[in-house]
Amino acid sequence: MNFRIGHGYDVHALGDGLRLVLGGVEISHTKGCVAHSDGDVLLHALCDALLGAAALGDIGKHFPDSSAEFKGIDSTILLKRVVELLSKEGYRVGNVDMTIAMQRPKLRPYIDTMRERIASCIGIDVDSVSVKATTTEHLGFEGEEKGVSATAVALIYKE
């Protein structure tokens, strides 16, 4: 089997009164991501990890923020399209591991739903999807509640 790994990273500023969507799940909060799409940093990082593993470029190449087609788009749609691109190249997703960094709100109550949503989009078992959340102990832009970041690692393979 041909195994490949990829890494993804994304950041969005937080703005008052905007929707906060992470891992395909709407989170109750006073701030949300400033973005062209729904601003789901977790899924954007995952898309980059998957595309990078297959050497297919990055999310901006496939879904540019200059395109009206992607204005306000649900990032689960982007993730499904990335999985289709991988499939066309003969790749399947083995597992994914992601981390969200933001000070507030606490994300633990949402993580299981995120894992289920991501597994469904990718077409893998939920036990192959890891989502973690961390604060930055009030340090940096995440800790100051100015933004949110996410990292993702993905394993893909050809049989």
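The set of residues in the range 130-147 being touching a Lys or Arg at 6+ places or on another chain (Cβ under 9 Å) and under 16 Å from residue 43 (Cβ atoms) consists of 130, 131, 133.
Under the condition of being touching a helix residue (DSSP H, G or I) at 6+ places or on another chain (Cβ under 9 Å), touching a residue at least 24 places away in the same chain (Cβ under 8 Å) and farther than 21 Å from residue 52 by Cα, the residues counted in the range 135-159 number 5. Restricting attention to the range 37-71, the residues being touching a residue at least 24 places away in the same chain (Cβ under 8 Å), open to solvent by less than 50 Å² (accessible area, probe 1.4 Å) and not in a helix (DSSP H, G or I) number 7. Across the range 22-36, the qualifying residues are those that are more than 17 Å from residue 134 (Cβ to Cβ) and assigned to a strand (DSSP E or B), and the one among them that is most open to solvent (accessible area, probe 1.4 Å) is 26. Within the range 112-128, residues that are in contact (Cβ under 8 Å) with a residue 24 or more places away in the chain have Cβ atoms under 8 Å from residues that are outside any helix (DSSP H, G or I) and open to solvent by 30 Å² or more (accessible area, probe 1.4 Å) in these pairs: 115/130; 124/95; 128/95, counting only partners at least 6 apart in sequence or on another chain.
Among the residues of the range 6-21, those identified as in contact with a Gly (Cβ under 9 Å, 6 or more places away or on another chain) and part of a strand (DSSP E or B) are 6, 7, 8, 11, 12, 13, 14, 15, 16, 20, 21. In the range 1-19, the qualifying residues are those that are under 19 Å from residue 65 (Cβ atoms) and either free of Cβ contacts under 8 Å to residues at least 60 places away in the same chain or among the β-branched types (Val, Ile, Thr) (or both), and the one that is least open to solvent (accessible area, probe 1.4 Å) is 15.
The values are calculated or read from the model by the stated rules, or taken from the named source; none is laboratory data. Only a predicted model underlies this, so the values are computations on that prediction, with no experimental measurement involved. Note that we place each Cβ from the backbone using ideal geometry, even for glycine, and neighbour counts take in every protein chain shown. For the accessible areas, the whole protein counts, side chains as well, though only heavy atoms, and no ligand, DNA or RNA atoms are used. Shrake-Rupley method; radii C 1.70, N 1.55, O 1.52, S 1.80 Å.
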